[in-house]
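Participant: Below is a structure I'd like to ask you about.
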Amino acid sequence: MMTVNQKPAVRVRINPAAIALKKRGASDRDLNRCFVPAILEQAPQESDSPDLRRARELAPFLREMDYLFDIHATSSPSDPFVCFGEDSPRHRELYRLIPVKDILTDPYNILGKDSGLESLPTTDSCVNNAGGIALCYETGLETDLTKVPEALLVVSRLLRHVGNVTDAFLKEAFQVELAEPEQILQKIHALTDCFLARLDGFRYE
């Protein structure tokens, strides 16, 4: 995850407890589904998961971010894509710098409502709700290391665009020359319905 404000960009080890376990999370609760008041403001209890405790530590910092680029990878084969909540000109300015075909949005808070929440509970939504600009960049299959150079270029391009790094820095630090992104037709998808799949063997695709 890259968080950007008026200070230099910060690379965050967002969930060190999960990293130590080499798992997505440190418990059954998904850290990236905790960032709404209904969850964060519950009275802390001894039984609270490590992920929820970590979310409470992170939320104040997320709310201060000007920009947040949340870098993810998928557990199944996938083309890279971008996702976040409500589309806006501010988001469009950023995702046009990312050479992906599909932009997934949830402007009606379908995922939040499905869980009985007032807004999306994700890290990017936490930043957006506080007035910042955030999006999630899914780089493709997590084990496909051929995606790493492109992901580095994308993140470098985003950081340069928001004025956080210079071309000279990028060339010295990463040995990259930032060409303009490939101009491709991007499709904007809006989530409109949600249903629970109960089939045996169901998996995300």
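The values are calculated or read from the model by the stated rules, or taken from the named source; none is laboratory data. What you are looking at is a predicted structure, and each value in this text was computed from that prediction instead of being measured. Cβ coordinates were reconstructed from backbone atoms using ideal geometry, including for glycine residues, and neighbour counts include every protein chain displayed. Accessible surface is based on the protein model in full, side chains and every heavy atom, while ligands, DNA and RNA are left aside. Shrake-Rupley method; radii C 1.70, N 1.55, O 1.52, S 1.80 Å.
Participant: Between Tyr108 and Gln175, what length comes free when the chain is fully extended (0.36 nm per residue of separation minus the Cα-Cα distance, one decimal in nm)? Mind dumping the intermediate values first?
Facilitator: Details: separation 67, 0.36 × 67 = 24.12 nm, distance 4.16 nm.
Full extension of this stretch gives 20.0 nm more.
Participant: When all alpha-carbon pairs of segment 84-163 are counted, what percent fall beyond 20 Å?
Facilitator: Details: 1237 of 3160 pairs.
Value for segment 84-163: 39 percent of Cα pairs lie more than 20 Å apart.
Participant: Report the gain in length on full extension from Arg96 to Leu191: 0.36 nm times residue separation, minus Cα-Cα distance, nm rounded to one decimal. Numbers along the way, then the final one.
Facilitator: Working: separation 95, 0.36 × 95 = 34.20 nm, distance 1.99 nm.
This chain segment gains 32.2 nm when fully extended.
Participant: By accessible area of protein heavy atoms, probe 1.4 Å, what ranking do His189, His72, His91 get, highest first?
Facilitator: Greatest to least solvent exposure: His189, His72, His91.
Participant: Around Lys113, with a cut-off of 15 angstrom between Cβ atoms, what is the net charge of the other residues, counting Lys and Arg +1 and Asp and Glu -1?
Facilitator: On the way: positive: Arg33; negative: Glu86, Asp106, Asp114, Glu118, Asp193.
Overall, the nearby charge balance is -4.
Participant: Another question, then. Would you tally the net charge around Leu178, using a Cβ to Cβ cut-off of less than 12 Å, leaving Leu178 out, and scoring K and R as +1, D and E as -1?
Facilitator: Neighbourhood net charge equals 0.
Participant: While we're here: For the chain, find the longest principal axis of its Cα atoms and tell me its angle to the long axis of helix 148-161, 0 to 90°, nearest 10.
Facilitator: Compared with the principal axis, the helix lies near 80 degrees.
Participant: Sticking with this one: Evaluate the charge dipole of the chain about its Cα centre and quote only its size in Debye, nearest 20, assuming +1 on the Cβ of each Lys and Arg and -1 on the Cβ of each Asp and Glu.
Facilitator: That gives the chain a dipole magnitude of about 380 debye.
Participant: Can you tell me the orientation of helix 50-62 relative to the chain, as the angle in degrees between its alpha-carbon axis and the longest Cα principal axis, to the nearest 10?
Facilitator: 50 degrees
Participant: Sorted from largest down, give the three principal axis spans of the alpha carbons of segment 46-205, whole angstrom values.
Facilitator: Ordered largest first, segment 46-205 gives principal extents of 48, 35, 32 Å.
Participant: Further, regarding this structure: Using label points projected 7 Å from each Cα along Cα→Cβ, tell me how many nm separate Glu182 and Phe61, to one decimal.
Facilitator: If labels sit at Glu182 and Phe61, their model points lie 3.5 nm apart.
Participant: Can you compute the label reach from Ala17? Point 7 Å from Cα along the Cβ direction, backbone N cut-off under 16 Å, restricted to segment 59-99.
Facilitator: 59
Participant: Next up: Determine the per residue accessible area of segment 125-205 with all protein chains present and a 1.4 angstrom probe, expressed in square angstrom.
Facilitator: Working: 5610 Å² over 81 residues.
Accessible area per residue: 69 Å².
Participant: Another question, if that's okay. Would you grab the residues whose amide H sits under 5 Å from the one on Thr74? Only those 5+ places off in sequence or on another chain, please, with H modelled 1.01 Å from N.
Facilitator: Amide H neighbours of Thr74, under 5 Å, 5+ apart: Thr139, Gly140, Leu141, Glu142.
Participant: What is the percent carbon and sulfur in the accessible area of the chain, measuring with a 1.4 Å probe over the protein chains and ignoring ligands?
Facilitator: Whole-percent figure for carbon plus sulfur exposure: 53.
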